[in-house]
Amino acid sequence: MDLGLTGKVAIVTGAGSQIGFGNGVALTLAQEGCQVVCADKDLAGAKKTAAAIEASGGKALAVECDITKKAEVEALVASALATFGQIDILVANAGGTLGRKPFLEQDESVWEWELALNLKGCLLCSQAVLPHMTARKYGKIINIASETAKMVTPFMGVSMYSIAKAGVYKFTRDLAVVAIQDGVYVNCVSPGASLHTDFMTREIPDKAAATEIFKKETPDGQMTTPKDIATAVAFFASDLTGHIVGQVLSVSGGATFQ
């Protein structure tokens, strides 16, 4: 099925990690014909993702960007427009955590960092692209959240990462009802358990043991992969989703339900 993405321009944040969801999303959108702006604090990583796209015959631009800083996000959007002339799709994927500690041992600076990266960054990116999208009466914004936003478990405890991702759910829905008036569709993809990201690899040293635990808790017995998330994002980025507004799509193998 042709998703109709040929010639569209997509910004993907957090595209620098070579094992993360952002990399998978960027490569998949490029395969579908998008010109991709690979944004990340890790410029070297973003360049690797962009180079992989170009090696496959696609067009890409690598931009260094800290999405928690408004000026850098605005510069990212300006670079995308200067290079490609338009922005059709924003995938607000960048996120992360500094690790788990008991609530009484958690530091305020960690809360601020995780809240800024996982929630404020989504707000800043949407705020930066919306004027261009609304002027054209066209755009797709896909936020990446996490199924931990729905979970209350001893494993996660009190987690600012999860709290921020729950905020992404709410932000998606609130922005969606406003943006749709100007032809901009806002939706959210919510990944299930995955050990394919850098921060999860750091968080759980015993990957084999964690995989077995997560598989037992997931009805289809599989871990969430970058390709799983990329496929869902490509669907939301396409014009096939003409009547889908403000939705959170769980991609978790049935581990959680909406």
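The values are calculated or read from the model by the stated rules, or taken from the named source; none is laboratory data. Since this is a predicted model, take the numbers as computed values, not measurements. Every residue, glycine among them, receives a Cβ derived from its backbone with ideal geometry; neighbour counts consider all protein chains shown.
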Original post:
Are any of the residues in region 23-40 modelled with pLDDT under 95, small (Gly, Ala, Ser) and farther than 15 Å from Phe84 by Cβ?
Top reply: no
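Report whether or not Thr134 is surrounded by 21 or more Cβ atoms within 10 Å (Cβ to Cβ), of a type in the set (Ser, Thr, Tyr) and over 14 Å from the mean Cα position of the chain (by Cα).
When the stated conditions are applied, Thr134 does not pass them.
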Original post:
Within region 1-46, which residues are in a loop (DSSP other than H, G, I, E, B), over 15 Å from Ala92 (Cα atoms) and either within 14 Å of the chain's Cα centre (by Cα) or of a type outside the set (S, T, N, Q) (or both)?
Top reply: Met1, Asp2, Leu3, Gly4, Leu5, Gly7, Lys8, Ile19, Glu32, Gly33, Cys34, Asp42
Original post:
Using beta carbons and a limit of 8 Å, which pairs, at least six apart or on different chains, have the first residue in region 15-31 and without any contact (Cβ under 8 Å) to a residue 40 or more places away in the chain and surrounded by fewer than 24 Cβ atoms within 10 Å (Cβ to Cβ) and the second one among the charged types (D, E, K, R) and assigned to a helix (DSSP H, G or I)?
Top reply: Gln18/Lys48
Subject >> Pair list, Cβ under 9 Å, 6 or more apart: region 81-102 residue free of Cβ contacts under 8 Å to residues at least 60 places away in the same chain, other residue among the acidic types (Asp, Glu) and not in a strand (DSSP E or B) >> reply: Leu98/Asp107; Leu98/Glu114; Lys101/Asp107
Subject >> Complete set of residues in region 111-159 that are modelled with pLDDT of 95 or more and touching a Pro at 6+ places or on another chain (Cβ under 9 Å) >> reply: Ile144, Ala145
**OP:** Please specify each residue of region 32-59 satisfying the condition of being surrounded by fewer than 22 Cβ atoms within 10 Å (Cβ to Cβ) and polar (S, T, N, Q).
**Re:** Ser56
